Amino acid sequence: MKKLPAILVLVIVVAALGYYLLSEQGKDEIALTANSSTQIAQIDEKVVDQSESAQKTEIVKTEVTEEHAHDESHEHEIQEYVAGEHYVVIDKPVDTQTGDKVEVRELFWYYCGHCYNLEPYIHAMEATLTDEAVFVRQPSVLGDGWVNGAIFFYVLKDLGELDRLHTPLFDAIHKHDIKFNSQEEFVNWLSDNGVDRDKANTIFTSFSVESNVRKAIADTRKYQSRGVPTLVVNGKYWVDAMHAGSIVGIFKVVDYLIEKELR
């Protein structure tokens, strides 16, 4: 057998090496393409998840709002609810603070998990409440351990920060597990949220806050409420989830009682 010329052998070796390198490069490109496709798919999946989550959030908000929306056309018949079964009649009506308008008063406690869970429904009710009614909040004081919650409420109110910091305070307690066991701890939180520390300390120990807390204690007794959250309509009736049957039921009964007062 004749030996191949050296130049031909060299050409064959170079060609084989080139083919090998091109093949490996092709594999790398395929692998890179596969990895990129996987990453893109993962990103797309996250985007879809976030989109679906946002949509679900909006759907929940819409459902809550629609559930408690007042039907201004009055084309539907309002269900009849029974005193003593679906709501409680207060023995001696409590004076309201809303003039000729029907007062809807929430009795709550910042440390109450049920009150915290009721907040989205309260906001929905506020947004859809008839012009002939007014919603107000009042801290309930059913024992000595409830006093701090009332103090926090009236401090926020006297600071002019109730609208801005009411929900964040609920979040701080129930989402971030802040106990607020002292004036210092609460004032520090207020300071972190843009409130002047000296002003907050002054108001915390003010006569105004003390007087309002004492009134809240007295009013809690007058409403004859046994727990929270409770909604009081026009100082005459109160309703809670136990009597109404559910959280949604509370607001249906409230609607009924408002209509009852407007007739």
Neighbour-count order for Thr205, Thr130, Thr230, Thr220, fewest beta carbons within 10 angstrom listed first: Thr205, Thr130, Thr220, Thr230
Average projected area of the Cα convex hull of segment 72-262, in nm²? 11.1 nm²
If I stretch the segment between Asp177 and Leu262 completely, what's the gain in nm (0.36 nm per residue apart, minus their alpha carbon distance), one decimal? 26.4 nm
Given pairs Lys179/Lys236; Lys215/Lys236; Lys157/Lys179; Lys101/Lys260 and cut-off 23 Å on Cα-Cα distance, the over-length ones are Lys179/Lys236
Mind checking which of Tyr237, Phe108, Asn212 is farthest towards the positive end of segment 72-262's charge dipole, using Cβ charges of +1 (Lys, Arg) and -1 (Asp, Glu) about the Cα centre? Asn212
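Any read-out appearing in this document is the output of simple, stated calculations on the displayed coordinates, not a laboratory observation. Every value quoted in this text rests on a predicted model; they were computed, and no experiment measured them. Methodologically, a virtual Cβ is constructed for each residue, glycine included, from the backbone with ideal geometry; neighbour enumeration extends over all protein chains shown.
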